[in-house]
Amino acid sequence: LEFEPGTKVQYSDLGMILLGEIMRRASGRPLDQFVAQNLFTPLGMKSTFYRPDKSFLDRIAPTENDPWRKRIVRGEVHDENAFAMGGVAGHAGLFSTTHDLAVFAQMLLNGGIYDHRRYFSVETIHRFTALQSGDRALGWGKPSESDWTGKVLSPQAYKHTGFTGTSIWIDPQKQLFVILLTNRVHPTRENT
């Protein structure tokens with residue numbers, strides 16, 4: 001342990017990988033199949049999946065000219081750990097579109113309901129998006145007074161960002177969400 005449990009919150013890929021494995025074992029189904037059946041398909045998120053089919057390749061931006069794989073990565077998970085896990089992991093590997101993410105964000109803004117169907121309870125959303133420590137919730141980031149987010153968004157807002165340059169912000173107090181899908185790592189992760 002790096003610190004005593006309950007004294008600090010820190011984002012961890014390993015924690016999200018473990019959560020994905022817990023979901024797989026608890027459901028008895030691979031993570032990608034479980035979330036597709038229970039969340040993406042019922043929400044109508046037709047362009048959200050792990051390991052996208054080659055027919056979607058023209059809709060997917062290339063990520064890094066990866067020195068490890070010795071090629072430009074496109075249409076497959078960029079994260080090395082998720083790649084080693086076959087492209088399906090709790091911390092990386094999900095492909096989506098702004099439309100599908102807007103549906104997901106609206107469902108969260110609706111308190112877990114979308115198109116008259118409940119996906120999450122209000123209590124579950126609050127538990128996972130409540131400030132834990134610093135600027136972290138459980139799997140989500142929170143606004144920080146040290147950057148623009150603390151000046152523009154309410155304290156109830158939460159976010160998730162991706163290494164390659166993606167981000168989603170949801171602010172229930174202001175009833176808004178912001179989705180930004182960019183490509184920070186092309187042609188290299190040294191791109192700042």
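The values are calculated or read from the model by the stated rules, or taken from the named source; none is laboratory data. Keep in mind the model is a prediction, meaning the values are calculated, not measured. Ideal geometry is used to build each Cβ from the backbone, glycine not excepted, and the neighbour counts take in all protein chains shown. Just the protein is used for accessible areas: all its heavy atoms, side chains included, with ligands, DNA and RNA removed. Shrake-Rupley method; radii C 1.70, N 1.55, O 1.52, S 1.80 Å.
Just to be sure before I move on: is VAL103 hydrophobic (A, V, I, L, M, F, W, C), more than 21 Å from ARG184 (Cα to Cα) and either in contact with a Phe, Trp or Tyr (Cβ under 6 Å, 6 or more places away or on another chain) or at pLDDT below 95 (or both) in the structure I sent?
No.
Would a scan of region 32-44 turn up a residue that is touching a His at 6+ places or on another chain (Cβ under 7 Å) and at pLDDT 95 or above?
No, because not a single residue in region 32-44 is touching a His at 6+ places or on another chain (Cβ under 7 Å) and at pLDDT 95 or above.
Filter region 45-82 for residues that are of a type in the set (Val, Ile, Thr) and closer than 24 Å to PRO30 by Cβ; which is modelled with the lowest pLDDT?
My answer is THR63.
Can you give me the ranges of the strands (runs of 3 or more DSSP E) entirely in region 139-192 with at least 2 residues that are farther than 19 Å from ARG74 by Cα and under 13 Å from the mean Cα position of the chain (by Cα)?
In region 139-192, the matching strands (runs of 3 or more DSSP E) lie at 158-161, 166-171.
Quick check on ILE17: is it open to solvent by less than 40 Å² (accessible area, probe 1.4 Å), aliphatic (A, V, I, L, M) and assigned to a helix (DSSP H, G or I)?
The answer is yes for ILE17.
Can you report the number of residues in region 31-59 which are in a loop (DSSP other than H, G, I, E, B) and either open to solvent by 30 Å² or more (accessible area, probe 1.4 Å) or over 21 Å from LEU19 (Cβ atoms) (or both)?
6
Name the single residue that is surrounded by the most Cβ atoms within 10 Å (Cβ to Cβ) among those in region 84-137 being among the polar types (S, T, N, Q) and in a loop (DSSP other than H, G, I, E, B).
Only one residue fits best here, namely SER96.
Can you list residue pairs whose Cβ atoms sit under 8 Å apart, with the first residue in region 24-35 being closer than 16 Å to HIS91 by Cβ and the second being open to solvent by 90 Å² or more (accessible area, probe 1.4 Å)? Count only pairs 6 or more apart in sequence or on different chains.
PRO30/ARG24; LEU31/ARG24; ASP32/ARG51; PHE34/ARG24
Kindly check whether there is at least one residue in region 60-68 that is in a loop (DSSP other than H, G, I, E, B) and closer than 29 Å to ILE113 by Cβ.
There is no residue in region 60-68 that is in a loop (DSSP other than H, G, I, E, B) and closer than 29 Å to ILE113 by Cβ.
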